[in-house]
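Before any comments, here is the structure.
The values are calculated or read from the model by the stated rules, or taken from the named source; none is laboratory data. Since the model is a prediction, treat every value here as computed from it, not as a measurement. In this analysis, Cβ positions are derived from the backbone assuming ideal geometry, glycine residues included, and neighbour counts consider all displayed protein chains. Surface areas here come from the heavy atoms of the whole protein model, side chains and all, with no ligands, DNA or RNA. Shrake-Rupley method; radii C 1.70, N 1.55, O 1.52, S 1.80 Å.
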Amino acid sequence: MDQSLTQDRPLAAVFRRLGSELMPPVVETFDRSKTIFFPGDPAERVYFLLKGAVKLSRVYEAGEEITVALLRENSVFGVLSLVTGQRSDRFYHAVAFTPVELLSAPIEQVEQALKEHPDLSLLMLQGLSSRILQTEMMIETLAHRDMGSRLVSFLLILCRDFGVPAPDGIRIDLKLSHQAIAEAIGSTRVTVTRLLGDLREGNMISITKKKITVHNPVALSQQFT
């Protein structure tokens, strides 16, 4: 197998080499809250997340939108047709949770790359397994009726998937607006602002330049148990 495929970002290396000079992979950028694709759109391209975070959600007939996953850098999405082996329309609503930079390629080219580099299938499966676990955690989060419990659960998910060690705890390596958090947990900006303020007063978290640091995730998890 090509040595470059064994480095830290093997899928990125493959994506950049896909196709020919006539159809190279496309680099796209989206501002926060901009839609990448809607449910029902044709599933023609596969996406690799270079920078930022993407929110996947399901939209129901009543208009309710439920967040099912937050994707971090190095994630691949838009792959349902690859998994099922059948062409299908988009199932999720994909939105830029932060400003994002994506690399995309036609699904046929990705299929060919998987055939040429079987180890990539395992990498993609590992990524999908992690996403399934996160989706289960998000469903548990949204099952809480109490918004304080929802917020705490959501912050713990972010610690798990976007957290980096910091001198005073775990810093969530995303610039998060109160509105973005509210949209993710089905709340309002006013409520999220109040609840975050309560956590700050309790010295559970600190916020610097829109990045949240959780001082003690174990202690935070016990807030609403």
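Other residues lying with their Cβ under 15 Å from the Cβ of Thr193 contribute a combined charge of +2, Lys and Arg counting +1, Asp and Glu -1. Summing Cβ point charges (Lys, Arg +1; Asp, Glu -1) relative to the Cα centre of segment 144-223 gives a dipole of roughly 200 debye.
The string of couplings for segment 138-146 from the Karplus curve (6.51, -1.76, 1.60, θ = phi - 60°) is 5, 4, 4, 4, 6, 6, 5, 6, 6 Hz, one whole number per residue in order, with x for Gly and Pro. Per-atom-type breakdown for segment 144-223 gives carbon and sulfur 50% of the accessible area (1.4 Å probe, protein chains only). Once both labels are positioned 7 Å from their Cα atoms along Cα-to-Cβ, the gap between Glu108 and His215 label points is 5.8 nm. Taking amide H as placed 1.01 Å from N in the peptide plane, the amide H of Ala166 sits under 5 Å from that of Arg171, each at least 5 places away or on another chain. Determine the sum of side-chain charges near Leu71: Lys and Arg each +1, Asp and Glu each -1, restricted to other residues whose C-beta is under 11 angstrom from that of Leu71. Its environment carries a net charge of +1.
At a Cα cut-off below 15 Å, give the aspartates and glutamates reachable from Lys210, other chains included and same-chain residues fewer than 8 away excluded. Within the straight-line limit of under 15 Å, Lys210 reaches these aspartates and glutamates: Asp173.
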